[in-house]
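The values are calculated or read from the model by the stated rules, or taken from the named source; none is laboratory data. Remember, predicted model here, so these are calculated numbers, not experimental data. Here the Cβ is made from the backbone with ideal geometry for all residues, glycine too, and neighbour counts use every protein chain on show.
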Amino acid sequence: MARQRDVETVQLIKCKFQMRRQMAFGEELRLVGSHASMGAWDMTKSLTLTWGEGDVWTSDDVELPVDGVFIYKYAVVPAGQPEIVTEWQQGNNQVLTLTPDDLPRLWVTDNWSGNPDMASVFREGGEASSKESRLINRVKAADERVKVAEIENKALKGDLQQMTMQVNALREEARLGANVRIALKEQLRAEQRRSNVLGSQVDAWKTKFQQLTDGTPSKSAAEAPPDAAQKSANKGKTR
């Protein structure tokens, strides 16, 4: 059976970028940014925005990963010549943060001054927010995750400390168990020596008992007094 692998699916948000900007004839507005879908800062791969009523330029759908932070900027170029930038958007680079709540679609309205407070981000349901507030919320969420990670790290350190103490206790228990086994072995050897001594004594007693049962006269029987007849015979001999 072929091995099945779980494929992690990256959720993408469809984003449209808009900018109000009066352009001279023969110029076009482009967007380039940090993500590959934005050209990865390569102007030859940058996105061309389409002119609309009221000098509003709009990009096609740009698919960007959820939970990402993306940096980008607008540029004015001659039509068909993206590598020749005649003017960059004013101010700092633009920053867009995305969250799962932005699914499935987002509209980003920027301004040529580059002021993030004047830029708006709209979700499909019509809810609007500023880039600044989204970035602040992202930083706060990151701080919360750091705090949670620190708490979990402390808990893990406590668990590790407790496990270390348990391991040390088990080692001490094992050491005491080894000492007990050594003491028991010594006690068994001492008992064996005592058993050997008792065995030798029993063997000596057995030898003595065997001598007695074989009829060997004892010293007391050999020294017993003669009977009366022997005494009379001895008396006649003396007369």
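Here is the figure for region 9-37: residues that are in contact (Cβ under 8 Å) with a residue 60 or more places away in the chain and surrounded by fewer than 20 Cβ atoms within 10 Å (Cβ to Cβ) total 6.
Going through (1) out of contact with any Pro (no Cβ under 6 Å at 6 or more places or on another chain); (2) farther than 18 Å from residue 61 by Cα one by one, residue 121 falls short only on (2).
Against the condition of a type in the set (Gly, Ala, Ser) and touching a helix residue (DSSP H, G or I) at 6+ places or on another chain (Cβ under 9 Å), how does residue 119 come out, does it pass?
Details: of a type in the set (Gly, Ala, Ser): yes; touching a helix residue (DSSP H, G or I) at 6+ places or on another chain (Cβ under 9 Å): yes.
In short, yes.
Of all residues in region 111-139, exactly one satisfies the criterion of being assigned to a helix (DSSP H, G or I), surrounded by 16 or more Cβ atoms within 10 Å (Cβ to Cβ) and over 38 Å from the mean Cα position of the chain (by Cα), namely 116.
Quick one: in region 37-83, which of the residues that are among the small types (Gly, Ala, Ser) and not in a loop (DSSP other than H, G, I, E, B) is farthest from residue 27 (Cα to Cα)? Looking at the filtered set, the residue picked out is 37.
Evaluate the following for residue 46: is it among the polar types (S, T, N, Q) and over 17 Å from residue 107 (Cα atoms)? Here the answer is yes, as residue 46 does meet what is asked.
If you check 101, 67 for being on the phi > 0 side of the Ramachandran plot and either modelled with pLDDT under 95 or of a type in the set (Val, Ile, Thr) (or both), only one passes: 67.
A single member of 96, 106 is modelled with pLDDT of 95 or more, in a strand (DSSP E or B) and touching a helix residue (DSSP H, G or I) at 6+ places or on another chain (Cβ under 9 Å), and it is 96.
Restricting 138, 105 to those that are basic (Lys, Arg) and farther than 21 Å from residue 49 by Cβ reduces the list to 138.
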